[in-house]
Amino acid sequence: MSATETGRQIGVALKRKEDDPLLRGRGSFVDNIVIPGTLTMAVVRSPYAHARITSIDTAAAKAADGVVAVFTGAELRDDWAAAMPCAWPVTEDMKSPEHFPLAVSEVHYQGDGVAVVIADSRAHAVDAAELVDVDYEPLDAIVDVAAAAEDGSMLVHDDLGTNVCYVWKLATGSFDEGADVVVKHTYYQPPLIPNAIEPRGVLARPEPGGDITLWSATQIPHILRVLTAACLGLSETKVRVIAPDVGGGFGSKLDVYAEEFLAVALARRLGTPVKWVEERSENATATIHGRDFVTTLELAATKDGKITAIRADVKAAMGAYLQLVTPGIPLLGAWIYAGPYAIPNYDVTFTGVFTNTTPTDAYRGAGRPEATYVLERTMDMLAKELGIDRVELRRRNFISEFPATMASGLTIDSGDYHASLDRLLEHLALDEIETEQRARRERGDVKQIGVGFSTYNEMCGLAPSRILGAIRYAAGGWEQATVRCLPTGTFQVVTGTSPHGQGHETAWSQIVADQLGCDPAEVEVLHGDTSVSPYGMDTYGSRSLPVGGAALWSAGEKIIEKARELVAHQLEVSADDLEYENGTFSVKGSPDKEMTIKGAAWAAWTSHNLPDGMEPGLEATATYDPPNFSWPAGAHAAVVEVDTETGDARLIRYVAIDDVGTVVNPLIVDGQVHGGITQGISTALYEEAIYDSDGNLLNGTLTSYLVPSAAELPSYELDRTESFAADHPFGAKGVGETGTIAAAPAVINGIIDALSHLGVTDIQIPATPERVWRAIEEAKQ
Ligand code: MCN
């Protein structure tokens, strides 16, 4: 029986209700919002990665056509009640450089803002920005994260006296130096440039009475409101933040940016709306980057393949400044360096390092792809060293009983890692691939094939507030939802999550429809406006369903309980005599006596006949603080074809089995997995922000920074196993980052497998044709 036949709406592959206007070009993104009298802001950015500002002459810019005002960092310095916020001081003694929306005396990365121009049009603002004459005294720059971490390195911020932002350690056992086998390898995961389909955009409008409305292409309207108020010295009640349609973010819009504060400050100074929309090339330096990690990973194991210890030494680039959660990003992987494997001794050390590059911060997976990449690559190396089949090695080490407390200290509520791997092998038909591989090797074909595996788990949902507090994150991890049963039999949801492509309007409608027995089309979902949903923690870390969906479910339960009292009163029976199913209360033993939730909503609205003391209306708000992280897991495999003459590596197949617990909407989940895998494959094959040694970004355009399209990718083969999330009210786990976490090591393991008979054992990501070709040539020597 299908979910719809049973009245269930959770589990139905409903098409996304939010897509129609978007597909018809009727979305309302920041740049579509036109308010008469709006002025445009352009930011003057440093061409140097490190330089002293010796003077700024704004006279020519001020005299240019259409220019209303020009301000330097020094001139705006008093507008800021506090510096740009970093909400995650991971250690007590963490070093944090001074960071204001515009640099005042020194710039620290290429793209650092030094002045703003306000004009009557974008063209005038951009043209005048070029007339701002900034005199720089260039200084040496450092971009290499490992070199920057060394004592005596050139300093990014002289006043800090070091490039080391922090050292953070988690050790629950000692590394087994004398183990039968120890495998050790160092990996570099380069910086990545998030490229959301809509770049960032901001519009600030001053309102009567000193209020301000800020529209921003952000993932975090609620957090942005709090921090805008704090950093501009305003009362929170004076600030309204609206995230209208937002064209993706992938973590990069989980941030509070200089341009947001600048637009607000200038709108207040000038008394007129101010808009700024990022240029695509500006996005390459002014929006945060992801990754930029150097990691040495060691695994110790017995001869029969039981892993006894893991040790990781991670050097993570912070970039030039700390953005909202920059220092915490590496730590988001800190508990899962052992992945889905039961490894009793755990020892990880993280060093956050300043470099003269764009600040890093959250990018899809944030900390967890970095961990999974080095682990899954090293698992293959260990298998080779031990002479044990790589799939078998994974099986021998899987955590197999749940709940499972890992050596890193966290407890996984549920999972079945063997089931995902079994399902993967069913789909893969490994024998056939290996037969084909052997045949190609025997024939000496130019194009060789390989298959790479990646079995992963991840912690998402971010997270119980208690734990966030313990690891010094400044905000809570709860989420809030309100459900209103309107008198005419429709429903309204107010959610604190802030979707920007994830389809919450559809999924949230399904959850309410499932619980309250209506059609999902009868549910309206309101989000992304702090005056409509004043409380929320927004969308990131695949938290929206694990946390926001659970808050919604709790609100629905409160509705059912209130309606039960009301219906019992109206039907003149005891509440205990009522059965509830699919939106209808019926009296046990008298099924003809019944009343629906919709009927209860009408009765609650008219209030003609309520139990004594009951408030009119049928509405409930719930705030949910998760008891645990969410623990999705899975097994992925990439079948790769490598041209041994050109080094070109292409995916032939990609098979993904994910376990995200109960699925609310399979279509949305497949879409999330598709997008996630694509970003992981892209990390493996295409993407890398390349800096020269002076800190110049060499590939800051989409002609040189490669973002794949469907043409480069195969059709993915997706399936799921399902282990009910014990710590979630309806068993769901997050999905938004799974694909990105799993995919990169599967692809690289596949390339290595294709070339292993030629002696290739490692390859730097992204595995460009040149790198693959060089690896083949070097292996010949
Ligand atoms: N879902 C479901 N059943 C599950 C799990 C999830 O039906 N068991 C649905 C949810 O209802 C939701 C979607 O899948 O509609 C994603 O849910 P979730 O895993 O909770 O992730 P979030 O909604 O919190 O989204 C954040 C996540 C992250 S961290 C990044 S990065 C990312 C991603 O989502 N950025 C995206 N997916 C993105 N998709 C788009 N289009 N654009 C981005 O910027």
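Each value in this text was obtained by applying a stated rule to the coordinates, not by laboratory testing. Here the structure is a predicted model, which means the values were calculated and not measured. Cβ placement follows ideal geometry from the backbone for every residue including glycine, while neighbour counts extend to all protein chains displayed.
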Response to the item:
Around T621 (Cβ within 10 Å, Cβ-to-Cβ, excluding T621; K/R +1, D/E -1) the net charge comes to +1
Fill in: Size of charge dipole - the range 521-567 - debye, nearest 20, with Cβ of Lys, Arg +1 and Asp, Glu -1, no other charges
160
Worksheet item: Each residue of the range 60-69 in order: what ³J(HN,Hα) in whole Hz does its phi give by Karplus 6.51 cos²θ - 1.76 cosθ + 1.60, θ = phi - 60°, with x for Gly and Pro?
Response: 5, 5, 5, 7, 6, 3, x, 7, 9, 7
Worksheet entry | Share antiparallel - DSSP beta bridges, the chain, percent rounded to 5 | 80
Worksheet item: Along each of its three principal axes, how wide is the spread of alpha-carbon positions in the range 201-310, in whole angstrom units, largest first?
Response: 74, 32, 23
Worksheet entry | Dipole magnitude of the chain, debye to nearest 20 (Cβ charges: Lys/Arg +1, Asp/Glu -1, about Cα centre) | 420
Practice prompt. Could you order peptides 244-250, 710-716, 352-358 by the average number of other Cβ atoms within 10 Å of their residues, highest first?
Written response: 352-358, 244-250, 710-716
Worksheet entry | Between the range 546-575 and the range 26-65, the Cα center-to-center distance that results, in Å | 52
Response to the item:
If amide H atoms are modeled at 1.01 Å from N in the peptide plane, then the residues at a separation of 5 or more from I10, or on another chain, having amide H under 5 Å from its own are D514
Worksheet item: Can you tell which of L702, A725, T488 lies farthest toward the positive end of the dipole of the chain, using +1 and -1 charges on the Cβ of basic and acidic side chains (Lys, Arg; Asp, Glu)?
Response: T488
Practice prompt. Determine the distance separating the Cα centre of the range 225-242 from the Cα centre of the range 336-408; give it in Å without decimals.
Written response: 40
Worksheet item: To the nearest Å, what is the center-to-center distance of the range 701-723 and the range 502-528, using C-alpha atoms only?
Response: 29
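For the chain, what is the calculated [θ] at 222 nm in deg cm²/dmol (nearest 500), taking -39500 (n - 2.57) for each run of four or more DSSP H residues and dividing by its residue count?
Taking each H run of at least 4 residues, the total per residue is -8500 deg cm²/dmol.
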Fill in: Estimated vicinal HN-Hα couplings, Hz - the range 715-724 in sequence order (Karplus 6.51, -1.76, 1.60; Gly, Pro = x)
6, 7, 9, 10, 8, 9, 10, 9, 10, 4
Worksheet, complete the sentence: In terms of the charge dipole of the range 218-278, which places +1 on Lys and Arg and -1 on Asp and Glu at the beta carbon, the residue among I220, L266, A243 farthest towards the positive end is L266
Fill in: Sequence-distant aspartates and glutamates (8 or more away, or on other chains) whose Cα lies within less than 18 Å of K238
D79, E207, D211, E260, D529
Fill in: Dipole in debye (nearest 20) - the range 455-578, about Cα centre, beta carbon charges: Lys, Arg +1; Asp, Glu -1
580
Worksheet item: Which listed residue (P666, G680, V655) has the Cα farthest towards the positive end of the charge dipole for the range 645-696, taking +1 on Lys and Arg C-beta and -1 on Asp and Glu C-beta about the Cα centre?
Response: P666
Worksheet item: What are the ³J(HN,Hα) values, in whole Hz, obtained from phi via the Karplus relation 6.51 cos²θ - 1.76 cosθ + 1.60 with θ = phi - 60°, for each residue of the range 332-349 in sequence order, with x given for Gly and Pro?
Response: 5, x, 4, 8, 10, 5, 8, x, x, 9, 7, 10, x, 10, 10, 8, 10, 10
Worksheet entry | Alpha carbon Rg of the range 636-722, scaled by the compact-globule rule 2.2 N^0.38 Å | 1.35
Fill in: Kirkwood-Stokes translational diffusion coefficient of the chain, alpha-carbon pairs, 10 °C, 1.306 mPa s, µm²/s
57
Worksheet item: Among all the lysines, which ones have a C-alpha under 22 Å from K15's C-alpha, if same-chain residues fewer than 8 places away are not counted?
Response: K733
